[in-house]
Structure formats: C-alpha cells, structure tokens
Amino acid sequence: MIPENIKVLFYNIIQKSIGSSPEIQKSSIVGGGDINQSVKIITTKGDYFLKWNKAGLYPGMFEKEAKGLNLLRNAGELKIPEVIGYDEDEDYTVLVLEYIKSSGKASGFWEDFSNSLSRLHNHNSDHFGLDHDNYIGSIPQSNKPHSDWTSFFIEERLERQIALALDNNRIDHSTIKNFRSMYRHLDDFFPVEKPSLLHGDLWSGNYMVSAEGKACIIDPAVYYGHRLMDLGMSKLFGGFSHKFYEAYNESHPLEKNWREAVEICNLYPLIVHVNLFGGGYLNSVKSVLTRFCQ
C-alpha cells in the first residue's frame, strides 16, 4: 500500500527524530483529505501519521504546513500534532506527524475550544500576513505583509483569487465589478485590531477530537489576520455549535455587526472554492456581494 521509496523517506525522518528506525507493524488508510494520500502507521516505536504526494506537484507544501503547525503549537493554546519531519526524493514528498487518537467530545468541549481559539487570537504581530507564503488547500496563498487589514484582505486575499478565477474563465466581469464596489464598505465591518494568529482554514473538517475529548486543529493555512476570518470560516459548511460563538463573544467580545462581517470574510474561502471546484460556489459569492456591494 505504501510505495517502497516512501517507506525509505519515512524511515529517514524517524531516524533523525528518535535515532533509530522502528519496524512498521501495520498501516491503514486515513480518509478525509482530497489532496494527499494519508495513512496511520503503527511501528515498534509508536504510531505516526504519514501523508505524501508527488514531488513538485505542490512545491514546498509540506514544509509550509510544518511551519504553520509549529507556529500554532508554539503558541501553546490548542492541541496541535507534533511535526516529526518532512522530506522528499525525485518522485515523492512526505510529511510525518504525531498520530492523534480520537475520542468523543468532553463536557464543555465547545466552550473550551472557543476559549482556546480566543487565546490564540491574542497572539499578535505588527503586520497582517506572514514572513512566508503557504497554501490554502492546494492553492498558493500570498502572505505579503501589510500594515492594515483592509489592504491585505483586498490585495492578498480577494484580488489574487479574482485574477486566478478570471484566468480560468470562472468569474464574470459584473461579479468583479461588484467585488470592487464592495471594497468601499470594508472599513465599516472590520474594527481596527492588532493582527491575530489565525489557523486560516478553520472549517469543521480541520478539527478533530483528541483522546482527552478536546479540540485538536489540523491542516492550517496560517497567517496573522483579522480574527473574524477564523470565525467566518468556522461557519461555512455547517458551522460549529452556537455554544462556541457564545463563549467566544464572552471571552473576546465582538462588534454588533460581526455576523455580517463574517459573511464578507467568507468571500475569500468561497472564491477559493470557485477556483478549486467551480460549480455553484460562484452563486454563493454573488449572493454575498449582492448584499454588500451597493
């Protein structure tokens, strides 16, 4: 099931991490992702999560994912898988992480998750962005630093995705016009705040419940941005429990119009989905713009 040269890369990573090469006893497919192939590996020295892809398909993806995980882990606010290492050869690139055993939600799960995220958002930077670019899904994400949120959101988030959609004939000029009309109103929805450390892709598929019954977040698209971006993403594709938002508002109060603001935030992941999948996502983009572009 695991190609032999991927096993070699896996052994090299483990050797560097623990000083020995354990015997693989069993491996099993881990579902949930549509970009990389993933397996749980049981060895004589412990369990690991391994994922791989073809070398050069997404340059630097695993290195940047490792950086993002380490940045979140070092903040010390949420459970984050430990990065064991990453490597590549001529054919494949691989990433090895701590394997997180899952369980059911502990009592107060949503409140604990929310309070932990609120504390993460109190880790701040002087600029919006990051010192390196990364990915959101399989699409490159620009993190060029800006001193204000509005210019970062327009130039590094929306306009880059609009340009990609236009190149791929997935967006019409009237929708682009509506985006640029909406830009005039952005300052009305985003209170001036310090840049917050964000997960960056915080939808329901990117958290799991650890063995302790608490939230563990995975597959980040890390940068320093407006904290409403994480809250907005969390409301896409089903959303989190109402307890999550109530607890967040108690620990890190939100403006009265935050629900409208997160709709604007979600223009970014929605147009990312236009570029990834096309289909009905453009209609979702148009629906949001219709509300806010006048």
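The values are calculated or read from the model by the stated rules, or taken from the named source; none is laboratory data. From a predicted model like this one, the values you see are computed outputs, not experimental measurements. Here the Cβ is made from the backbone with ideal geometry for all residues, glycine too, and neighbour counts use every protein chain on show.
Things worth noting here:
- Exclusive hit being at pLDDT below 95 and out of contact with any helix residue (DSSP H, G or I) (no Cβ under 9 Å at 6 or more places or on another chain), set Gly205, Gly238: Gly205
- Test result for Glu159, more than 19 Å from Ile217 (Cβ to Cβ) and either at pLDDT 95 or above or touching a helix residue (DSSP H, G or I) at 6+ places or on another chain (Cβ under 8 Å) (or both): yes
Condition check ((1) part of a helix (DSSP H, G or I); (2) assigned by TED's automatic domain parsing to the domain that holds Asp230; (3) touching a residue at least 12 places away in the same chain (Cβ under 8 Å)) across all residues:
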position: Thr150; (1), (2), (3): yes, yes, yes
position: Glu155; (1), (2), (3): yes, yes, no
position: Leu166; (1), (2), (3): yes, yes, no
position: Asn169; (1), (2), (3): no, yes, no
position: Thr175; (1), (2), (3): yes, yes, yes
position: Ser181; (1), (2), (3): yes, yes, yes
position: His185; (1), (2), (3): yes, yes, yes
position: Pro191; (1), (2), (3): no, yes, yes
position: Gly200; (1), (2), (3): no, yes, yes
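- Residue in the range 98-109 that is touching a helix residue (DSSP H, G or I) at 6+ places or on another chain (Cβ under 7 Å), outside any loop (DSSP other than H, G, I, E, B) and aromatic (Phe, Trp, Tyr) present: no
- Among residues of the range 4-34, those that are touching a strand residue (DSSP E or B) at 6+ places or on another chain (Cβ under 7 Å) and assigned to a loop (DSSP other than H, G, I, E, B), counted: 3
- Residue among Ser196, Ser142, Ser151 that is of a type outside the set (Phe, Trp, Tyr), crowded, with 18+ Cβ neighbours inside 10 Å and at pLDDT 95 or above: Ser196
- Selection within the range 227-267 - aromatic (Phe, Trp, Tyr) and closer than 20 Å to Tyr207 by Cα: Phe237, Phe240, Phe244, Tyr245, Tyr248
- Meets criteria (in the same structural domain as Arg227 (by TED's automatic domain parsing), more than 20 Å from Ile2 (Cβ to Cβ) and crowded, with 18+ Cβ neighbours inside 10 Å) for Gly129: yes
- Scanning the range 22-58 for residues that are surrounded by 13 or more Cβ atoms within 10 Å (Cβ to Cβ) and under 24 Å from Gln141 (Cα atoms) returns Gly33, Ile35, Asn36, Gln37, Ser38, Leu50, Lys51, Trp52, Asn53, Ala55, Tyr58.
- Note on the range 209-294: enclosed helices (runs of 4 or more DSSP H) holding 2 or more residues that are within 23 Å of Asn115 (Cβ to Cβ) and free of Cβ contacts under 8 Å to residues at least 24 places away in the same chain are 242-251.
- Any hit, the range 212-225, residues being of a type in the set (Lys, Arg), surrounded by fewer than 23 Cβ atoms within 10 Å (Cβ to Cβ) and more than 21 Å from Phe190 (Cβ to Cβ): yes
- As a summary of the residue check, Asn74 satisfies the conditions (1) surrounded by 13 or more Cβ atoms within 10 Å (Cβ to Cβ); (2) at pLDDT 95 or above; (3) outside any loop (DSSP other than H, G, I, E, B) except for the one numbered (1).
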